[in-house]
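The values are calculated or read from the model by the stated rules, or taken from the named source; none is laboratory data. Since we're looking at a predicted model, the values are computed, not measured. Note that each Cβ is placed from the backbone with ideal geometry, even for glycine, and that neighbours are counted across all protein chains shown.
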Amino acid sequence: MIKVNNVSMKFNLGVEKNFSLKQFFIDFFKAKKKEKSEFWALSDVSFEVKKGQVIGFVGNNGAGKSTLLKIIAGVMKPTKGNIEIYGNICPMIELGAGFDMDLTARENIYLNGAVLGYSKNFIKEKFDEIVNFSELKDFLDVPVRNFSSGMVARLAFSIATIVDPEILIVDEILSVGDLAFQQKSERKMKELINGGTTVLFVSHSVNQIKELCDKVVWLQKGKVFKIGNAEEICTEYEKKVLEK
């Protein structure tokens, strides 16, 4: 279903920046070169995901989890390596991605649905279902820029999961919003999992990963540290975090 082959991702970080026109000319006449530093967010990451598997990703902040999911989703292109994907992907990796914040929730349902590849007629048929799941009926004609992060998460999740995608990528979105909606979203996730959807899942809740995932990829400083059974890897990861 998904093959990640020796994927590496490099970012160039400018250490020195010109903050004024005066400084620009000083640097120019001194023939001073800007220093650059290379930051490898991912280094030679490889693993496979089989159809119907639920894969969790753990690691400290900066370990490369979100970068990896963005590469798999096609949002970013790796510096080295490649990704083989068999099946349609529904990425939920950034709140509000595919939304126009100046448009209303009603308008964004059609816009985001189009971004995800749904036809206008399909969205029209599923409109009430999306609204009922999101519990945003009273806010349909409010610009999304006025929504809280939890409301944006409700809308994004409700649109993305209106069909059963072959591959679902979820990055922290289940941790946003009130407890009731988190539980509702988790139930929907379980329905998708039971229906055979392949899921790649990032969460700071290790217990959530233990419950939903059957396999875990542990990233450290952009590299695969361990891959294995969700319960075993999560227990070892928790132990290491508590030792610090």
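Overview of values
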quantity	calculated
Unmet criterion (only one of (1) out of contact with any Ser or Thr (no Cβ under 6 Å at 6 or more places or on another chain); (2) crowded, with 16+ Cβ neighbours inside 10 Å; (3) part of a strand (DSSP E or B)) for Glu38	(2)
Test: residue in the stretch 52-71 that is under 25 Å from Val115 (Cβ atoms), out of contact with any Cys (no Cβ under 8 Å at 6 or more places or on another chain), of a type in the set (Ser, Thr, Tyr) and in the same structural domain as Lys10 (by TED's automatic domain parsing)	yes
Count of residues meeting criterion [closer than 26 Å to Lys239 by Cβ and not in a strand (DSSP E or B)] in the stretch 183-207	6
Qualifying position, being of a type in the set (Asp, Glu), modelled with pLDDT under 85 and closer than 25 Å to Val75 by Cα, among Glu172, Glu166	Glu172
Pairs, first within 19 Å of Met151 (Cβ to Cβ) and polar (S, T, N, Q) in the stretch 105-134, second at pLDDT 95 or above and in a loop (DSSP other than H, G, I, E, B), C-beta under 9 Å, six or more apart	none
Which numbered condition Ile227 misses (of (1) in contact (Cβ under 8 Å) with a residue 40 or more places away in the chain; (2) surrounded by fewer than 20 Cβ atoms within 10 Å (Cβ to Cβ); (3) assigned to a helix (DSSP H, G or I))	(3)
In the stretch 112-131, the residues that are crowded, with 16+ Cβ neighbours inside 10 Å and modelled with pLDDT of 85 or more	Asn112, Gly113, Tyr118, Ile123, Lys126, Phe127, Ile130, Val131
Restricting the stretch 143-163 to residues that are assigned to a helix (DSSP H, G or I) and among the polar types (S, T, N, Q), the residue that is modelled with the lowest pLDDT	Ser149
